[in-house]
1. Quick check on my filter: what residues within region 4-15 are modelled with pLDDT of 85 or more and surrounded by 11 or more Cβ atoms within 10 Å (Cβ to Cβ)?
2. Have a look at 40, 35 and point out the one that is surrounded by 14 or more Cβ atoms within 10 Å (Cβ to Cβ) and out of contact with any strand residue (DSSP E or B) (no Cβ under 6 Å at 6 or more places or on another chain).
3. May I ask you to list the residues in region 43-89 that are touching a residue at least 60 places away in the same chain (Cβ under 8 Å), outside any loop (DSSP other than H, G, I, E, B), out of contact with any helix residue (DSSP H, G or I) (no Cβ under 8 Å at 6 or more places or on another chain) and surrounded by 11 or more Cβ atoms within 10 Å (Cβ to Cβ)?
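The values are calculated or read from the model by the stated rules, or taken from the named source; none is laboratory data. These numbers come from a predicted model, not from an experiment. Neighbour counts run over all protein chains shown; Cβ positions are idealised from the backbone, glycine included.
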């Protein structure tokens with residue numbers, strides 16, 4: 001799980017594109033991301049009604065998503081590409 005001094009939290013998916021959590025750090029990152037996005041959504045409706053809340057929501061949410069994807073790609077043990085299953089067959 002450790003290569004070149006980097007601890008990987010995710011492994012490439014067997015089918016499809018992307019990665020899946022392999023360690024508790026990966027699961028924690030996913031849970032934290034979902035919680036933060038949920039809190040931002042609630043905050044947008046409760047604490048920042050009107051135009052400024054929408055502007056904050058439209059700016060923050062895509063930034064958070066792209067940042068999370070960058071983190072997952074960096075912490076994945078292998079490349080992201082389309083996979084059709086077990087490659088040893």
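1. Within region 4-15, 7, 8, 9, 10, 11, 12, 13 qualify.
2. Residue meeting the stated conditions: 40.
3. Answer for region 43-89, where residues must be touching a residue at least 60 places away in the same chain (Cβ under 8 Å), outside any loop (DSSP other than H, G, I, E, B), out of contact with any helix residue (DSSP H, G or I) (no Cβ under 8 Å at 6 or more places or on another chain) and surrounded by 11 or more Cβ atoms within 10 Å (Cβ to Cβ): 76, 83.
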